[in-house]
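Worksheet for the structure shown next.
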Amino acid sequence: MKALIQRVSEASVRVDGTCIAHIDAGLLALIGVERDDTLADADKLLSRLLTYRIFADEAGKMNLGLADHGGGLLLVSQFTLVADTRKGRRPGFSAAASPEHGKSCFDYLVEQAREQHDPVATGQFGADMKVALINDGPVTFWLSS
């Protein structure tokens with residue numbers, strides 16, 4: 001599994017013009033599921049999402065994870081993160097999970113996140129989503145399981 005994470009002042013997801021998810025300060029994670037990913041990969045990625053030190057401590061250093069800092073976690077599925085872009089002018093998606101497997105892994109990640117952190121918001125798997133965010137920093141990182 002892959003995640004593009006961004007520390008945000010706020011973030012939201014709209015589907016068909018309706019806001020379906022919103023967080024204030026926290027972490028936006030765009031999630032890509034590959035065909036060989038397992039639930040263990042989701043567990044490992046979630047652990048990193050909650051503990052990756054990208055929030056400032058009292059001294060202004062990035063020493064706090066989301067679990068320490070608090071704030072929201074917005075999880076948004078995005079299969080394009082696993083695209084092969086090494087050659088040509090069109091991305092290849094042979095590494096991407098099938099929609100069924102991708103949804104199963106993403107739903108598991110969300111379920112586990114909700115057991116371990118609050119608040120957790122999500123986009124809608126497979127929907128045409130409009131994601132809005134204010135990147136705080138900007139701070140953006142790639143994570144892999």
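Taking only the range 21-47 into account, find how many residues are crowded, with 17+ Cβ neighbours inside 10 Å and either over 25 Å from Q124 (Cα atoms) or touching a strand residue (DSSP E or B) at 6+ places or on another chain (Cβ under 8 Å) (or both).
12
Just a yes or no: is a residue in the range 69-77 assigned to a helix (DSSP H, G or I) and over 15 Å from the mean Cα position of the chain (by Cα)?
Checking the range 69-77: at least one residue is assigned to a helix (DSSP H, G or I) and over 15 Å from the mean Cα position of the chain (by Cα).
Conditions first: (1) part of a helix (DSSP H, G or I); (2) free of Cβ contacts under 8 Å to residues at least 24 places away in the same chain; (3) of a type outside the set (G, A, S); (4) touching an Asp or Glu at 6+ places or on another chain (Cβ under 9 Å). Q112 passes all but one, so which condition is the exception?
(2)
Tell me yes or no: at least one residue of the range 50-65 is within 23 Å of D136 (Cα to Cα) and assigned to a helix (DSSP H, G or I).
yes
Select, from S104, S47, the only residue that is at pLDDT 95 or above, hydroxyl-bearing (S, T, Y), under 19 Å from W142 (Cα atoms) and part of a helix (DSSP H, G or I).
From the options S104, S47, the qualifying one is S47.
Could you count how many residues in the range 45-67 are in contact (Cβ under 8 Å) with a residue 60 or more places away in the chain and under 21 Å from D118 (Cβ atoms)?
7
Looking at the range 13-27, can you tell me whether even one residue there is in a strand (DSSP E or B), touching a helix residue (DSSP H, G or I) at 6+ places or on another chain (Cβ under 6 Å), under 14 Å from L143 (Cα atoms) and of a type in the set (A, V, I, L, M)?
Yes, the range 13-27 contains a residue that is in a strand (DSSP E or B), touching a helix residue (DSSP H, G or I) at 6+ places or on another chain (Cβ under 6 Å), under 14 Å from L143 (Cα atoms) and of a type in the set (A, V, I, L, M).
What do you reckon, is L81 surrounded by 17 or more Cβ atoms within 10 Å (Cβ to Cβ), touching a strand residue (DSSP E or B) at 6+ places or on another chain (Cβ under 6 Å), in a strand (DSSP E or B) and in contact (Cβ under 8 Å) with a residue 40 or more places away in the chain?
No, not satisfied.
Which condition does S94 not pass, out of (1) surrounded by fewer than 13 Cβ atoms within 10 Å (Cβ to Cβ); (2) assigned to a helix (DSSP H, G or I), if it passes all the others?
In the conditions (1) surrounded by fewer than 13 Cβ atoms within 10 Å (Cβ to Cβ); (2) assigned to a helix (DSSP H, G or I), S94 misses (2) alone.
Working only within the range 106-145, note down all residues that are among the hydrophobic types (A, V, I, L, M, F, W, C), out of contact with any Leu (no Cβ under 7 Å at 6 or more places or on another chain) and under 19 Å from T38 (Cβ atoms).
Listed by number, the residues that qualify are F106, F125.
List the number of the failed condition for K130; all other conditions in (1) in contact (Cβ under 8 Å) with a residue 40 or more places away in the chain; (2) of a type in the set (D, E, K, R); (3) assigned to a helix (DSSP H, G or I) hold.
Of the numbered conditions (1) in contact (Cβ under 8 Å) with a residue 40 or more places away in the chain; (2) of a type in the set (D, E, K, R); (3) assigned to a helix (DSSP H, G or I), the odd one out for K130 is (3).
I'd like to know if the range 28-43 contains one or more residues that are in contact (Cβ under 8 Å) with a residue 24 or more places away in the chain, in a strand (DSSP E or B) and under 14 Å from P119 (Cβ atoms).
Among the residues of the range 28-43, at least one is in contact (Cβ under 8 Å) with a residue 24 or more places away in the chain, in a strand (DSSP E or B) and under 14 Å from P119 (Cβ atoms), which makes the answer yes.
The values are calculated or read from the model by the stated rules, or taken from the named source; none is laboratory data. Since this is a predicted model, take the numbers as computed values, not measurements. Neighbour counts are summed over all protein chains in view; Cβ atoms, including those assigned to glycine, are modelled from backbone coordinates with ideal geometry.
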